Structures are given as C-alpha cells and as structure tokens.
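Notes follow once the structure below has been shown.
What follows is calculated from the coordinates using simple rules that are stated; it is not laboratory data. None of these values were measured; they are calculated from a predicted model. Counting neighbours? That spans all protein chains shown, and the Cβs are built from the backbone with ideal geometry, glycine included.
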Amino acid sequence: MTRRWSGDWAQPSGSGPAEVDVLIPTRNRPAELAVTLAGLAAQDGPDFSVVISDQSTDVPSWNHPAAEAMVRVLQAQGRTVRLLRHLPARGLAEQRHFLLGEAAAPLVLFLDDDVWLEPDMLVRLTAALEASGAGFVGAAVQGLSYLSDRRPEEQQPFQLWEDGRVQPERIRRGGPGFSRWTLHNAANLAHVASGLGIPTGDWQLYRIAWVGACVLYDRRALLACGGFGFWDQLPAGHAGEDVAAQWRVMERFGGAGMVPSGAVHLESPTTVSDRTADAAELLLGADGQDAPLSKPPQRRR
C-alpha cells in the first residue's frame, strides 16, 4: 500500500520481520543521511524496516534536525527504524558484517548513506530480484552532474540478460566480464537507459562486474556465501569488500544490475580515507585464481 503524506499516520505494528531490511552504514554524514532517509520515506512499498549503524567520530549522523525529522516520518508510517552506534570502527567489511547480523527479513538492501532513491525503487528492485532467480540485484548510483558527459567507449560492455533469468558466473580482476566496471562510471547507465525505451515502472537486467552503494540481496544466498564474515582477514584500511561478497554470490547464485537505475549518488566527498587494501584482490586473487586465506593480512584494530 502506498504511504503518502496525508496526516493519517500509522503506528509501528511490531508484527514480525518486514519483507526488506534496509541496512545503512554511516559516518560523519548528517545531511547526506537525511536525504537518503527522505528517499526511503517516499517509497511506495514493499514493507521494509531500517537499520542504521553509525561510526561517526563525534555525534552520530542521525543527530541532526533533518535526519531526525526523516526518522520520525518513517516511524509515523509504521516503519521500524533502529539507530545503532557501532564502535570502534574496524573497517567497511566489519561494519557490513555487523549490519547483516542485525537483519531478519528475507531480503536485505545495503544502501550507502549518500544515495537518494526514486519512489518506486524498492518495488522495482524486489520484483526484479524475484524474477531473476539471482542472489542479488543492484542499482548502480548515477552521478547526475555528469549528464552532459557522454562516454560511449565506457558503455561498450553493456549486455542485457536477454531472457531475464540470471545465471551464475565467475568474475575476477582481469578476467572475463571484469571490463563491465566502466558501465557504472559517471552517468553512463543513465545514458544507456535513455536509449532502451523501457516503459515507466518497468526494468531490464544486465550483466555486471559488480554494483556499489545500492544492492538488494536474498539474505539466505548472501549468508550461504559467508556474507562479510571475512572482515577479520583484512586490514582495517580496505575497500572493495562489497565486490568480494558479490563475486562469491555471483559464482553460486548469479547477480545482475537493474536498468533504469533510479539511484542517485549525492556526490559528496568520501568519508573512507584509508583504502590501502583491495579486499577482493586479497581474498579472491586475480585472473581466476583465488588467493589463499590461511594466512590473512595483519589486522589493525
């Protein structure tokens, strides 16, 4: 049921897990978090709850009038919103591992704290995931400041899953399919979508290298592949933890991107300053040969 501004607010029902748990890691981004929550408050469905895990250096990101207002809106709509402080920070993978452990819904949406969603995004993502039979479907975030910057050479790897059914495939750095990463630069996917003539509210699925910032998983599939439990095999200063998790899920269950995306990147400066280690390369290696995990890198805590 569509939940619009009407003054007839519901109260949280407490009637068990929602269909989707939206998991938001955040750090030092009060304004961006408010915009992200505003996008969620405008969703037409399905039933979802929100879990925010904050690792800000001072006050949590939700301690801001705009973010607080959006939390109240979601709660007044009957959404469960959980605000958690999770410290000390041990890296991106551990933050995602913690959030996944807080989830109970059959579907989990990992949503970064600097992404605004079009109002029908959760409806389209959940429908696309169900239709695909995959372990996850992602919506690549679009940098709309790049709408005038067309990069046809970076769009060349675009390829639809023609029958809509996603098949497992193995992706590694430098191997087949890895070149698709350029699809998600700038506003490339928005330019691709404009030429496909997809009716409003519909979608198509395409082959990816990975998707960042807005990814809907079948929670059981993600857990079956270990989730982000590899966090303690990485140094705290890392990036690419979502790539490592997605490549494992893709190999067993398949994964896809959804076009049109409907996820807009706020283009704020990153809060992740230490990206010393590439998690996917450390854990899975390159060119098809998985890296050994028996001797993990030294952890920094």
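Find the centroid of the Cα atoms in the range 248-262 and in the range 208-232, then give the distance between the two in whole Å. That distance is 10 Å. A simple spin-label model places the labels of Ile198 and Phe178 2.7 nm from each other, with each point 7 Å out along Cα-to-Cβ. Alpha carbon centre of the range 67-134 versus the range 164-187: separation in Å? Taking the Cα centre of each part, the range 67-134 and the range 164-187 sit 24 Å apart.
Highest average first, the peptides 69-82, 241-254, 97-110 ordered by how many other beta carbon atoms sit within 10 Å of their residues are 241-254, 97-110, 69-82. Normalised size of the range 20-284, defined as Cα radius of gyration per 2.2 N^0.38 Å with N residues, equals 0.94. In a fully extended conformation the segment linking Arg275 and Glu162 would gain 37.1 nm over its present Cα-Cα distance, using 0.36 nm per residue. Along its three principal directions, the equivalent ellipsoid of the range 145-247 from the Cα gyration tensor extends over semi-axes of 27, 18, 13 Å, largest first. A crude spin-label estimate for the pair Glu130 and Glu19, with each label 7 Å from Cα along the Cβ direction, gives 0.6 nm. Each peptide in 215-222, 26-33 receives the mean, over its residues, of other Cβ atoms within 10 Å, and ordering these scores from highest gives 215-222, 26-33. Here the range 69-190 is treated with +1 on each Lys and Arg Cβ and -1 on each Asp and Glu Cβ, and its dipole about the Cα centre works out to around 380 debye. Placing unit charges on the Cβ atoms only, positive for Lys and Arg and negative for Asp and Glu, gives the chain a dipole magnitude near 600 debye about its Cα centre. Projecting label points 7 angstrom from Cα along Cα→Cβ for Arg85 and Asn185 puts them 4.2 nm apart.
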